[in-house]
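This report concerns only the one structure given below.
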Amino acid sequence: MKKYFVSILAVIMACTTFAQNDKKAQAILDNVAAKTKSYKTIRIEFDYSMVNKAQNIDDSFKGVLISKGDRYKLTFSGQEIISDGKTSWTYLKDANEVQINNADSGEDSFTPTNLLSTYTENYKARLTSETAKEQIIELIPLQKKNFNKVIVTIEKARSMLQKISIYDKNGSIYTYTVHKFETDLPFTDSQFVFQASKHPGIETIDMR
């Protein structure tokens, strides 16, 4: 699930260097990017679903993402994924277990800074439909990815991401629907560090 959450954050934090775009799609993405880059912090409440008709899978849950620069905390379905930009912690509530890793450093790593600078350079963007309330843009990867396309729905009035659907090559469709989008909240750096002392008896697995 985490690898696909990279895609939602990539679009939320979208940069303006999409390749081979139609002009209107580019203008829309530029506007969303300019607004989003101006925020010091972001908090998102979302619904997630994964549907694969061939495998008879229909899964869903709610989640919350907060971010501040390269720091983020993702909470969903009894799990927390936390990163301070250097170290990442994956906390499994039911097992009272935390896995510790170095934060990713590659070009597809789960950090807003990397996503802003590199992640969206390899897409072809096309405006597929527009109404009075929303605009829908199709993103096609120009390089080999695990998915064929991404469909982005933008709320027109506020130039804000409303929904993103990722079409996996195995037939699965991963959809994230944003219900609440808050900005410039006073998050502290300590919110992006896992506090083991708050979880008595926790099992720590250090994978660094």
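Where a number appears in this text, it was derived from the coordinates with a stated rule and is not lab data. Since this is a predicted model, take the numbers as computed values, not measurements.
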Give the cross-link partners of residue 198 among the lysines, using a straight C-alpha distance below 20 Å as the criterion and excluding same-chain residues fewer than 8 apart. 73, 93
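Greater than 24 Å separation of Cα atoms is the criterion. Which listed pairs, 23/62; 37/156; 35/86, meet it?
Correct reply: 23/62; 35/86.
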Using θ = phi - 60° and Karplus 6.51 cos²θ - 1.76 cosθ + 1.60, couplings along the range 27-43 (whole Hz; Gly, Pro as x): 5, 5, 5, 4, 5, 4, 4, 4, 5, 5, 5, 7, 7, 6, 9, 9, 10
Holding the Cα-Cα limit at 24 Å, pick out from 124/144; 124/145; 24/68 the pairs that are longer than that. 24/68
Residues whose built amide H sits under 5 Å from the amide H of residue 41, excluding neighbours closer than 5 in sequence, are 184, 185
Karplus (6.51, -1.76, 1.60) ³J(HN,Hα), θ = phi - 60°, over the range 92-102, in Hz, Gly and Pro reported as x: 9, 4, 4, 8, 6, 9, 10, 9, 10, 9, 6
